[in-house]
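K.L.:
My questions all concern the structure below.
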């Protein structure tokens, strides 16, 4: 049990927080929150008529639940459903290769977002729809490439999702595209057969339902007076003064100023019997509204497109506010009084009918929930956009076409974005962003997993077999060698073009201490070792290339074991000014620091990549947020430290070691200082870093993983390196 708790500690912490928030929500609004749509569901609960505004899928879920308990019971089950969906996301992420902390992070949006909490307390269809989205992900992704049986089940899930929420119909497009893209299956009969099976499964649900709608309304469709999405969009931007349209159609022109038109009012205008005004006898106002929309679309297609793109972009804003043309966001916010969306006696009628109580609010708890929601207790849209970007960036990763994490990331990202875009085509509402809390965090977790997959190899504890062989090489080259109290360690891999110049400019002493240089050659195929030894450096050659992190770790231990008290690191490519070494060493000698790192942002920087320039600042911000101390540069390779501190910090990363070392020493309570330093362009050779996106994802993984081990799990944390 203790091992289970330790392995899944992050998820369990999030589940405790999510459960606490849900209990508070359930207690605060009794018996549940009853919204406009709730009345429609409850009124159609027993008749189950298909000619209503809302489809009957949620009623099929609601009816047996209300037979067992009341509205409060349904809200409680929806909160439990939210927790269960989060656990399902976690298990799916782990099954597809994500690390436990990554999978847990993917659940945080659903568990902690206050808008999700509020919608779970509403008697509305969102939680059922989210559960179907998770089911779709499991059917398509959990067991590798889906066979025709799982594809058929997925099609049935989509079909039922449509009759729960009509927007579910857009899931068919990414679903069929995913099936066809399997192993380039679009070229094969099998791929088209599977797509046909999936489409048929969707139609098995939707065709009978549409036939029932036709039987009750006389028209094929998936709901009754569902209005016109096209009319809602075009009427909101129509400039009727400039439109050359038939007088009969002009009656459909809104009288409100275009700047204040709300799409929602026109989409469902057909619910008003008096709309749109006088028409010729026998006129079909639905057909005429469509003709009007087509005329507006022809004349103002760009205005319509801009409105849709603008609404789509709102989903990725940092903050949540109501624009003039939006459905008010306060509909989805916790209120300090009970939110009546109809006359209070009407609402009380329903709550009395099912729970025997009037609607009520626990004001102190409601105030707490509202403060939480309005002061950061939600997932910014920009974060969801970042998750989607991580999923889409896997397109740049060279992996097997059907790598399970990569294909899952692409499907979750594409489906989430497509759902948000389709919702924006209809109209913008913060409510419509909520299903993205299921899809886009999964995309981010799997995208991150894919982008960092190549760097997952971790070093064995020091000394491993390669370290032992390298130390023997050093002893063979330098029998009985004792290094200076101040030793510079350089990790070098194929640096023959630059190592000589670096060593020529190395000072012989620093602040009265003689300087020795230890060059750790990390495998490689050139004569770096010979050049370094010719320039008077101590040389240690590792027989296998393992990465800069492994070479530096070997150098720290070897230097310390051979007499060094202080270790300085620099690169073998000439990017750092070694004459600035005294600035790094002085704080160690006067005992004001245990670890001193240079900073290009405080000093001078010659940047050769805009992406790297941005990455330095982004990761500095992340490190500052994780450690609660000001850090301006996490990857500056010119550093000094107490030798015993360098050996005491657990270093497991073959690469991306700079952030692992920095966060490792801060986690141990070491005194860390930054000094302004110079960063120049490489003088020779080429960077060993990979592509900017992949390198950045791996760097973030190492940084957050080190923080988790050092700060959360408290592994080996001490007051300072001097106490090690």
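The values are calculated or read from the model by the stated rules, or taken from the named source; none is laboratory data. None of the values given here were measured: they were computed from a predicted structure. All Cβ positions, even for glycine, are placed from backbone atoms using ideal geometry, and neighbour counts span all protein chains on display.
K.L.:
In region 553-565, how many are crowded, with 23+ Cβ neighbours inside 10 Å and either under 10 Å from residue 643 (Cα atoms) or touching a strand residue (DSSP E or B) at 6+ places or on another chain (Cβ under 7 Å) (or both)?
P.N.:
Within region 553-565, residues that are crowded, with 23+ Cβ neighbours inside 10 Å and either under 10 Å from residue 643 (Cα atoms) or touching a strand residue (DSSP E or B) at 6+ places or on another chain (Cβ under 7 Å) (or both) number 6.
K.L.:
Filter region 339-372 down to residues that are modelled with pLDDT under 95 and more than 24 Å from residue 63 (Cβ to Cβ), then give me how many there are.
P.N.:
So the answer is 5.
K.L.:
Taking the conditions exactly as written (assigned to a helix (DSSP H, G or I) and either surrounded by fewer than 13 Cβ atoms within 10 Å (Cβ to Cβ) or at pLDDT 90 or above (or both)), does residue 295 satisfy them or not?
P.N.:
Yes; evaluated as a whole, the condition is true for this residue.
K.L.:
Could I ask something else about it? Kindly provide the set of residues from region 620-633 that are closer than 15 Å to residue 670 by Cβ and assigned to a loop (DSSP other than H, G, I, E, B), ordered by number.
P.N.:
Passing the criteria: 628, 629, 631.
K.L.:
Quick check: anything in region 514-537 farther than 21 Å from residue 550 by Cβ, in contact with a helix residue (DSSP H, G or I) (Cβ under 6 Å, 6 or more places away or on another chain) and part of a loop (DSSP other than H, G, I, E, B)?
P.N.:
Checking region 514-537: at least one residue is farther than 21 Å from residue 550 by Cβ, in contact with a helix residue (DSSP H, G or I) (Cβ under 6 Å, 6 or more places away or on another chain) and part of a loop (DSSP other than H, G, I, E, B).
K.L.:
Here's something else I'd like to know. Looking at (1) touching a helix residue (DSSP H, G or I) at 6+ places or on another chain (Cβ under 9 Å); (2) farther than 16 Å from residue 551 by Cβ; (3) not in a helix (DSSP H, G or I), which is the only condition residue 462 fails?
P.N.:
Residue 462 satisfies all of (1) touching a helix residue (DSSP H, G or I) at 6+ places or on another chain (Cβ under 9 Å); (2) farther than 16 Å from residue 551 by Cβ; (3) not in a helix (DSSP H, G or I) except (2).
K.L.:
Looking only at region 391-406, which residues are modelled with pLDDT of 90 or more and buried (at least 23 other Cβ atoms within 10 Å of the Cβ)?
P.N.:
The answer is 391, and nothing else.
K.L.:
Picking from 49, 6, 100, which residue would you name as being surrounded by fewer than 22 Cβ atoms within 10 Å (Cβ to Cβ) and more than 23 Å from residue 445 (Cβ to Cβ)?
P.N.:
49
K.L.:
Okay, moving on. Name the single residue that is modelled with the lowest pLDDT among those in region 218-254 being assigned to a loop (DSSP other than H, G, I, E, B) and within 22 Å of residue 159 (Cβ to Cβ).
P.N.:
By that ranking, first place goes to 226.
K.L.:
While we're here: Test residue 211 against the criterion of being part of a helix (DSSP H, G or I) and more than 33 Å from the chain's Cα centre (by Cα), and give yes or no.
P.N.:
Yes: the conditions hold for residue 211.
K.L.:
Can you name the residue in region 465-511 that is assigned to a loop (DSSP other than H, G, I, E, B), within 17 Å of residue 569 (Cα to Cα) and under 46 Å from the mean Cα position of the chain (by Cα) and, of all such residues, is modelled with the lowest pLDDT?
P.N.:
Filtering first and then ranking leaves 498.
K.L.:
Could you list, in sequence order, all residues of region 16-31 that are under 19 Å from residue 115 (Cβ atoms) and either modelled with pLDDT under 95 or outside any strand (DSSP E or B) (or both)?
P.N.:
The answer is 17, 18, 19, 20, 21, 22, 23, 24, 25, 26, 27, 28.
K.L.:
Yes or no: region 251-260 includes at least one residue that is within 34 Å of the chain's Cα centre (by Cα) and surrounded by 12 or more Cβ atoms within 10 Å (Cβ to Cβ).
P.N.:
Within region 251-260 (the criterion being within 34 Å of the chain's Cα centre (by Cα) and surrounded by 12 or more Cβ atoms within 10 Å (Cβ to Cβ)), the answer is no, since none of the residues qualifies.
K.L.:
Within 22 Å of residue 547 (Cβ to Cβ) and surrounded by fewer than 23 Cβ atoms within 10 Å (Cβ to Cβ), is that true of residue 578?
P.N.:
no
K.L.:
Please determine, by comparing only the residues of region 52-73 that are closer than 20 Å to residue 26 by Cβ and without any contact (Cβ under 8 Å) to a residue 24 or more places away in the chain, which one is nearest to the chain's Cα centre (by Cα).
P.N.:
Only one residue tops the list, namely 73.
K.L.:
Among the residues of region 319-332, count how many are under 23 Å from the mean Cα position of the chain (by Cα) and in a loop (DSSP other than H, G, I, E, B).
P.N.:
3
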